Structure formats: structure tokens, C-alpha cells
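Asks: Can you read through this structure? Questions will come right after.
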Amino acid sequence: MSEPLLRVENLNTYYGKSHILHDVSFEVGKGELVALLGLNGAGKTTTMRSILGLTRPRSGQVALDGVSVAGSPPHRIARMGVGYVPEGRRMFAGLTVLENLQLAENGRKGDWSIERVLQHLPKLRELSGRKAGRLSGGEQEMLAIGRAIVSNPTLMLIDEASQGLAPLIVQEVYRLIEELKQDGVAILLVEQNALLALKIADRAYVMDEGRIVYHGDAAALLKDRERIADLMGLNAGELAS
Ligand SMILES: Nc1ncnc2c1ncn2[C@@H]1O[C@H](COP(=O)(O)OP(=O)(O)O)[C@@H](O)[C@H]1O
Ligand SMILES: [Mg+2]
């Protein structure tokens, strides 16, 4: 049995006295696309922050390719090949698109140069001289993903890729995520739109109140419309197909 790329075991994370994550355990295999689903407030972002060392878990293990990293600082975890596309797409608003990409290149050798990212995202090339603060939501999401890619990660954590984007832009962003997967990058994808994520994921985990309450094949979960409706806080009838 080979070691998964990311193994999270019994994470417990607190904000002050509030116990947010309760014994969260899951895995992402090499090259696998795993969806992490759940309602607003379920603990998805906190899980990502705990993996990245941005919020230090009180207990539990995080291992990258068998190497324990729990308690390591974020820059060290990033250097081990973990890319992050944060919720809300934080970037340097006063810098241009190209400058944002240059800052993100941290010397990790790999297939994804700025040039290759721009080949895949022609819109970003057109906008390369524009200040990031003047981009639309969709353009910012592209830049946020582009920034994570140029560091040549083996694992990408993407938090709420589709949030606030027009449907056509969502399609473009998702096409890019699928290309990354085809390239062999493992992806942990957080989405509130469960249907969208399940269509491209291999496996899925569902969180509720800081706990993993379900895991299984994405295809199997995709057939369980009632559970998906539950996940998205909708009636089954409200789910468009
Ligand atoms: N910085 C913080 N301080 C205190 N509580 C927080 C903080 N960030 C998130 N929380 C709480 O932690 C819980 C999980 O939040 P979060 O991980 O952001 O959920 P999700 O990403 O699934 O919406 C929520 O109850 C939220 O209110
Ligand atoms: Mg969140």
C-alpha cells in the first residue's frame, strides 16, 4: 500500500476556547481530486488552515507523503509542494497580474512556468499589466489559481472556487481545475455547490459542525439527491440537475 499524498488524522482545532474541529481524519491520494463539502460554518476553511499551518491544530497529525508537518510554519508547508487558493482570493491589489504571478514563483522546479499558466489562461495574459485590485471576481479567481500553480504544487487546496462567479466563468475555472488534475496535481476542493464539485471529484467527504459525517465515491454521492440537497441547504425539488 502506498502512502497517500495527504493524510490528516484526528485533527482538533480551536479558536480561543471554541472547539471547532473534532477528530477530523481524511486522505487525498496522489493525483486524486477530493471534494470537501458542507454547509457554511461546517469547518471546511478551518480544516484547510489547519493543514497549511495557518491555524495551529491543538492535536492530531498532518502528513505529506508520509512526512509529518503538523506544527510546521506555513512557508515550510508551502515549500513542500502545497498550493493554496484562499476563500476570497486574497492577492496584492496594488500589483499587476504579472507581478502577482512573479511573486508566487518560489523557485520550485516543475512543469508550470508563468508562460505556461498564461497559455492556459489567455484572459490573464491580456490582463497581465492590470492591477489585481481592478479585476472582476472571475478574473481574480483565475489569478488566484494561477498564482498557486506557478509554485508547481503537488497538492492544491482550493477554497470555494465558484463563490460569487457568473456561470460561464465558473465553467472556465472548473475546466482549469480538471486540467490540473489531468496533469497529476492532487486537489482538495472545498465547495458549497456540492453538485458542481461532485461532477469532477473522485471521492468526497462531508463535514458538519466540525466533524466528518460522510465519505464515499463522488459518483455514488452524486446519485443521492436528497443528501446533496441537505448539503446545500435546499429541498430536493430545488436542485437543478
Ligand atoms: N477566526 C475565527 N475566530 C472564531 N471563530 C471562527 C473563526 N473562523 C471561523 N470561526 C468559526 O468556526 C466555525 C467553522 O468556520 P469555517 O471553518 O470558516 O467554516 P466553513 O469554511 O465550512 O464555512 C464556524 O462556527 C465559524 O463561526
Ligand atoms: Mg469557508
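Just so you know, all these numbers are worked out from the coordinates, no wet-lab data involved. Keep in mind it's a predicted model, so treat the numbers as computed, not measured. When we count neighbours, we look across all protein chains shown, and the Cβ atoms used for this are built from the backbone with ideal geometry, even at glycine.
Asks: Classify the chain from the C-alpha gyration tensor, please: rounded if a/c falls under 1.5, else prolate or oblate depending on whether a/b exceeds b/c.
Replies: Here the chain falls in the oblate category.
Asks: Going by the alpha-carbon gyration tensor, a ≥ b ≥ c the square roots of its eigenvalues, is the range 53-131 rounded (a/c under 1.5) or, if a/c is not under 1.5, prolate (a/b greater than b/c) versus oblate?
Replies: Prolate, because a/c is 1.5 or more and a/b exceeds b/c.
Asks: Taking R0 as 22 Å, what's the FRET efficiency between Glu226 and Asn40 from their Cβ-Cβ distance, rounded to 0.05?
Replies: Rounded to the nearest 0.05, the efficiency is 0.65.
Asks: Could you please rank Phe92, Phe26, placing first whichever residue has the fewest other Cβ atoms within 10 Å of its Cβ? All intermediate terms of the calculation are to be shown ahead of the outcome.
Replies: Values: Phe92 14, Phe26 19.
Fewest-to-most Cβ neighbours within 10 Å comes out as Phe92, Phe26.
Asks: Let's test the formula: R0 of 25 Å, r as the Cβ-Cβ distance of Ser136 and Gln171. What FRET efficiency results, to the nearest 0.05?
Replies: 0.95
Asks: Same structure, new question: Quick one: Arg175, Arg7, Arg89, fewest Cβ neighbours within 10 Å first, how do they rank?
Replies: Placing the least packed residue first, the sequence is Arg175, Arg7, Arg89.
Asks: List, in order, the whole-Hz ³J(HN,Hα) value for each residue of the range 149-162 obtained from phi through the Karplus relation with A = 6.51, B = -1.76, C = 1.60 and θ = phi - 60°; use x for Gly and Pro.
Replies: Whole-Hz 3J(HN,Hα) from phi for the range 149-162: 5, 5, 8, 6, x, 9, 9, 10, 9, 10, 9, 6, 5, 9.
Asks: Total Lys pairs in the chain closer than 21 Å by alpha-carbon, pairs eight or more apart in sequence or interchain only?
Replies: So the count of such lysine pairs works out to 12.
Asks: Moving on. Charges at C-beta only: +1 for Lys and Arg, -1 for Asp and Glu. How large is the resulting dipole of the range 78-122 about its Cα centre, in Debye rounded to 20?
Replies: 140
Asks: Please give me the summed charge of the neighbours of Gly60: other residues whose Cβ is under 12 Å from its Cβ, Lys and Arg +1, Asp and Glu -1.
Replies: Values: positive: Arg7, Arg56, Arg58; negative: Glu9, Asp23.
Net local charge, Gly60 excluded: +1.
Asks: So if R0 is 30 Å, what FRET efficiency would Ser128 and Lys30 give, r being the distance between their Cβ atoms, rounded to the nearest 0.05?
Replies: Taking R0 as 30 Å, the efficiency between Ser128 and Lys30 is 0.40.
Asks: How do His75, His215, His120 line up, fewest other C-beta atoms within 10 Å first?
Replies: Lowest count first: His75, His215, His120.
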